[in-house]
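Reading through the structure tokens given below for one structure.
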Amino acid sequence: MFAYYFQLGLRSLRKNPLLTALMVMAIGFGVAASMTTYSVFRATSNNPIPQKSSQLFVPQIDNWGPEDAQQNQGEPPRAMSYTDAIGLMRDHKAKRQTALYPAGLSIVPADASQLPFRENTYGVYADAFPMFDIPFKYGRGWTQADDDAHAQVAVIGQQLNEKLFRGENSVGREINLDGRSYRIVGVMDHWDPQPLFFDAVNTGGFDDPTQLFVPFTRMIELKVSTNGNNNCNKDPGTGWDNWLHSECVWLGFWAELPSKAEADAYRSYLNGYAAEQQRAGRFKWAPNTRLRNVVEWLDYQKVVPPEAKISLLVALGFLVICLVNTIGLLLAKFMRRSSEIGVRRALGASRREIYTQFLIEASAVGLAGGLLGLLLTGVGVYGISLIFDPQVARLAKLDVPLVLLTLLVAILATVIAAFYPTWRAAQVQPAWQLKSN
Amino acid sequence: MLKMTHLSKVYRTEVVETYALRDFNIDVKEGEFVAVTGPSGSGKTTFLTIAGLLETFTGGEYHLDGVEVSNLNDNARSKIRNEKIGFIFQAFNLIPDLNVYDNVEVPLRYRGMKALERKQRIMDALERVGLASRAKHYPAELSGGQQQRVAIARALAGSPRLLLADEPTGNLDTQMARGVMELLEEIHREGATIVMVTHDPELATRAQRNVHVIDGQVVDLAEDPRFHQQQARAGAPA
Amino acid sequence: MLQIKPILAALKRHKAGTILIAMQIALTLAIVCNALFIIQQRVDRLSRPTGMDENNVLAIQNRWVSVDGKDTAPLIKADVQALRQTPGVQDAFATNSFPLRGGGWSTGVNLVPKNEGKSTAQTTLYFVDDHALAVYGAQLIAGRNFTADEVITADPKDIKSTAQVIVTKALADKLYPKGDALGKQLYLGGKDIPPSTIIGIVARLQVPWNGTWSDNFNDNAMLLPVQLTSNYTIYLIRAKPGQLADVVNSAPAALLKTSRMRVISGDRAVRTYEQVRGDAYKNDRGMAILMGVICVILLAITAAGIVGLTSFWVGQRRKQIGVRRALGATKRDILSYFLTENLMIGVAGVVIGVGLAIGMNLWMVSQFEMARLSIVYVVVGVVALLLLGQAAVLAPAMRAAKVPPVEATRSV
């Protein structure tokens, strides 16, 4: 029966090529617009580290006071001062923790004929590697002892290893950063979390994969300033040391808290820490702290670009209009055949069979619309770089799930759109149309 | 009132020319009730569509109410249809989307009549066909005879000089048909000119005068052998 | 000729089709209004002037390698010297940022010493020398330029203020609304930081940012005569007319010739100002294009829907059109019947659509820091959709008008 109805559907669609083309195009464009924008939305609202997103937390401590917090809905600064980051590191209340910042270092190739270049570089603590589940191809991260010793060691990325050492195992070899030699202890495997959750503040969530990690402690000792944002609520005074111990915020901080109990304990620890600062006279206000996990943090940082939300919204509206359009056209198409329906009913077709026949015909339209939509989605994904930063655009891909989703949405949407016209068609009385009009 | 001389109507396709009417002559006087009869395919319906300015003709002349109509443009023809002619169709041809009142109003609307006068005429016409109480009903809610009465009311509402009826009882059962015929006769007695096309000889006898059409031509019944045969058959006991 | 009542009666019998077309018009209006509004906002944004003569300007971002920041002063001096002597270069200077760069310094300005709390005005700081105005191509409308003697050398973490500053007219007017800013003083910090004197006013110079957050101080800029000693330096270069293409290659080469221990790499290292502008407004332009494309497709689909459904209606009503013609309707009557019918559906649609458009905008205002929809866009959208409907219905309506009156006598 299915094959028969499908055949009937195709024949009927061929009979009205213009109407059919209109429907297919409406569905195709509607689905393509939605899917293209959805591909961006999906990429930007992705959970970058699903296995640990509820265990990794960003603590925030208000070291600026209510007057500044007021301009920010009462929220503490998004970054941390050196004083607080070191305080939290020293107290070591989480299973693992790291302060981090993008370090402004350049790589000087051993080959003097090559020019120095830069890669995304972060100063971190040893805990960062197991915390962020960073995969290694060769070697491993450095140790806490290296942190304490301010060791001049480095972990490099796969691409950088390819560039400098042609992909060989470079563990134990040296890399020259700003004229100083660092010993390579590990080479990462491909690691490109999207969004780049661990430094959403400076990157907006999207940047090229990090290629270089160096010990935070060594960077501070070498007075390597941040390559990211530095915000001060008042004049930090003159020179590196004044700045380091000022209330300027410029550091990221992450804590690994595997259970809810640990997270709750850390929350009260943060409040205790702030209260202690208040007692010591550094804070002249009540503790104001936050503890957000990865998903909450990315949401708070608004890493999904407003463009992605607006265009997804507009595209969904677009799809709705295309569906309304399809309902109208299907209605026209089905009702035009009321005499045929009457005859079929007279010949013994039940309502149910009329339903089946017309819904299958609609599915055929949906499938055709889906295929066109797929093609247009391909074009759309290709054109995304027009609107979004290349860092975001590169994430929007037409992969297998998106292909399946596109077809599914097209068929489902069309069948839903077909319900009302089909219902109307099934209301046609048997043979009514055989009598005179 | 209605005068056709040497009128012809040719349907052309790529391969053949078909004469629907040839050398067709008829003269209907003011106040006459003429029945046009003939077997199906004889051209009587074509005659009616041309008489009603629904179609153009190929050759000859047609004077309606003293006006030669062959050179009139579409708008002028619409105006004549609207003001001088009333149509009664076999299939009633009421507009299903409109109720009885709105259906009767249609020709008056096209005449650009004032609302008050329209209302007066519609109610008069419905009164006349005995359906004033059904003004708010839709065609689908009426019987066939009632629908045809509405159609007649619609034809009468514009006070046309000429009523053209095409098998007005063809879709009705005997009892309803009788009612419709009596209505037409009554309208005729009140002075209307009526031309009715029918294939029913019994119906035709109720008209003042019969015109017989065969193969697109008016034939003189007295001289045509086919007439005698038919008379003989009609006269034979069933 | 108006036939509103009978048309309404007929539409009541075709509720589904009527509602579908009206709904489609309403939704299309809602989206088109908002899309047009977004386009206009983005276009407004990207047509804001920078205050510069943008032709022939080149920006190079340079980072020193293996050099301590405080030791870079002579290197930068040598670089600027080399750039100014490069063939095709008209002038050049070293700075921390420039309009539309994307990142830079901002600070509060006051008429009295003040270290905390709200300032009189927010401004960006550009650290420049006496060649800056020439390279910007900015128009000095009052006072004078810096002299070479006034340019000091300082570390970014140490510099708090300079004795002389040049400000934009927007900033001058904000600080001194009476228009007498020239020669007056301003403060960039607390009591321990010496005041600065306004020695010149330029007509306009945009901030480095183009996001909404800097919209309220978009034209507040201050030039300070400082040569920053920093690991990170930007060179802004003005090429001689017609020689920009050569300078794009020769300027970085000249820098590498003076010293190789530097990084000038990446997408944004060497950019003509045209590229800078393109990068800065990429999202805005893209959004405007996207919204434009969506509007066009949407209107096309809505028009197609109207054509489709009206064609169906005409096909369904051939007989009654014939009857109307038989009863004396002219072709014009039939045409105007369908046009009027569409207009009525359209009016119903736009009435709902205006509500939807405003609702959608209010929602976006609450979600995305967007401005309130101007009524002009609603009016434009309403007129556009009504005209679109009439245009779309024209073809099927003309086909309806061509139905011959003899159709009335045909049985289906």
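Each reported figure results from applying straightforward, stated rules to the coordinates on display, with no laboratory input. Note that the coordinates shown come from a computational prediction; the quantities given were computed from them, not determined experimentally. Glycine also receives a Cβ, built like all others from the backbone with ideal geometry; neighbour counts cover every protein chain displayed.
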Debye intensity ratio I(q)/I(0), log10, chain C, q values 0.09, 0.10 Å⁻¹ (C-alpha model): -0.69, -0.76
Which whole number gives the average count of other chain Cβ atoms within 10 Å of the Cβ atoms across peptide C:300-313? 6
Taking the convex hull of the alpha carbon atoms in the range C:1-112, what volume per residue do you get, in Å³? 341
Beyond a 19 Å Cα-Cα separation, which of these cross-linked pairs lie in this structure: A:LYS260/A:LYS284; A:LYS223/C:LYS70; B:LYS9/B:LYS29; B:LYS79/B:LYS119? A:LYS260/A:LYS284; B:LYS9/B:LYS29; B:LYS79/B:LYS119
Exposure rule at most 15 other beta-carbon atoms within 10 Å, DSSP loop GluC sites (Glu not before Pro): chain B longest free segment: B:31-189
Among the lysines, which fall within straight-line cross-link reach of A:LYS15, defined as a Cα-Cα distance under 25 Å, with same-chain neighbours fewer than 8 residues apart omitted? A:LYS333, A:LYS435, C:LYS319, C:LYS402
If one computes P(r) from the Cα atoms of the range A:14-171, what percent of pairs lie at distances over 24 Å? 60
The answer for trypsin sites (Lys or Arg not before Pro) in the range B:131-174 that fall in a DSSP coil and have at most 10 neighbouring Cβ atoms within 10 Å is B:LYS136
Of all beta bridges DSSP finds with both residues in the range C:67-260, what is the antiparallel percent, to the nearest 5? 60
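Could you work out the percent of alpha carbon pairs in chain A separated by over 28 Å, rounded to a whole number?
62
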Rounded Å value of the spacing that divides the Cα centres of the range C:91-170 and the range A:378-402: 40
Regarding the range B:2-235, what whole-number volume in Å³ per residue does the convex hull of its Cα atoms give? 143
Aspartates and glutamates whose Cα lies under 16 Å from that of C:LYS184, excluding same-chain neighbours fewer than 8 positions away: C:ASP173
In degrees, nearest ten, helix A:260-279 long axis to first principal axis of chain A (Cα): 50
In Å, descending, principal axis extents of the Cα set of the range C:67-260: 47, 36, 34
Taking the DSSP beta bridges in the range B:2-235 as the whole, what percent of them are antiparallel, to the nearest 5? 50
If one takes the longest principal axis of the Cα atoms in chain A, at what angle in degrees, from 0 to 90 and to the nearest 10, does the Cα axis of helix A:400-426 lie? 30
Taking H placed 1.01 Å from N in the peptide plane, check which residues at least 5 places from A:ARG173 or on another chain put their amide H under 5 Å from its amide H. A:ILE184
Could you tell me, in Å, what Rg and Dmax come out for the Cα atoms of the range A:268-336? 26.2, 84
Working note, the protein assembly as shown: Cα radius of gyration (Å, one decimal) and Dmax (Å, whole number) are 43.0, 136
What are the membrane-span-like helices in chain C by this rule: whole DSSP H runs, Cα extent along the axis at least 30 Å, mean Kyte-Doolittle hydropathy at least -0.5? C:15-46, C:282-316, C:331-368, C:375-401
Could you give log10 I(q)/I(0) at q = 0.12, 0.17, 0.23, 0.25 Å⁻¹ for the range A:12-106, computed by the Debye formula over C-alpha point scatterers of equal weight, without solvent? -0.69, -1.00, -1.16, -1.20
Which ³J(HN,Hα) values in Hz, rounded to whole numbers, follow from the phi angles of the range A:71-83 under the Karplus curve 6.51 cos²θ - 1.76 cosθ + 1.60, where θ = phi - 60° and Gly and Pro get x? 6, 10, 6, x, 7, x, x, 7, 10, 10, 7, 4, 4
How high is the FRET efficiency between A:ARG352 and C:LYS402 when r is their beta carbon distance and R₀ equals 30 Å, given to the nearest 0.05? 0.15
For chain A, calculated [θ]222 nm from helices alone, where every DSSP H run of n ≥ 4 adds -39500 (n - 2.57): -16000 deg cm²/dmol
Return the long-range amide H neighbours of A:GLY123 (sequence gap of 5 or more, or a different chain), with a cut-off of under 5 Å between placed amide H atoms. A:TYR101, A:ALA103, A:VAL214
Based on alpha-carbon centroids, what's the gap between the range A:33-69 and the range C:371-402 in Å, whole number please? 43
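Can you sort A:ARG424, B:ARG77 from fewest to most other Cβ atoms within 10 Å of each residue's own Cβ?
Fewest to most other Cβ atoms nearby, the residues stand as A:ARG424, B:ARG77.
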Relative contact order of the range C:171-210, pairs being alpha-carbon contacts under 8 Å that are 6 or more residues apart, as %: 30
DSSP beta bridges in chain C: the antiparallel percent, rounded to 5, is 70
Projected area averaged over orientations for the range B:71-163, convex hull of C-alpha atoms, nm²: 6.1
Taking amide H atoms as placed 1.01 Å from N in the peptide plane, list the residues 5 or more away in sequence, or in a different chain, whose amide H sits under 5 Å from that of B:VAL218. B:ASN25
Relative to chain A, whose Cα atoms define the longest principal axis, helix A:351-383 and its Cα axis are tilted in degrees, nearest 10, by 40
Distance between modelled label sites at A:VAL403 and B:GLU61, nm, 7 Å Cα→Cβ extension: 7.9
Exposed chymotrypsin sites (Phe, Trp or Tyr not before Pro) being those in a DSSP loop with at most 16 other Cβ atoms within 10 Å, the longest stretch of chain A free of them is A:1-190
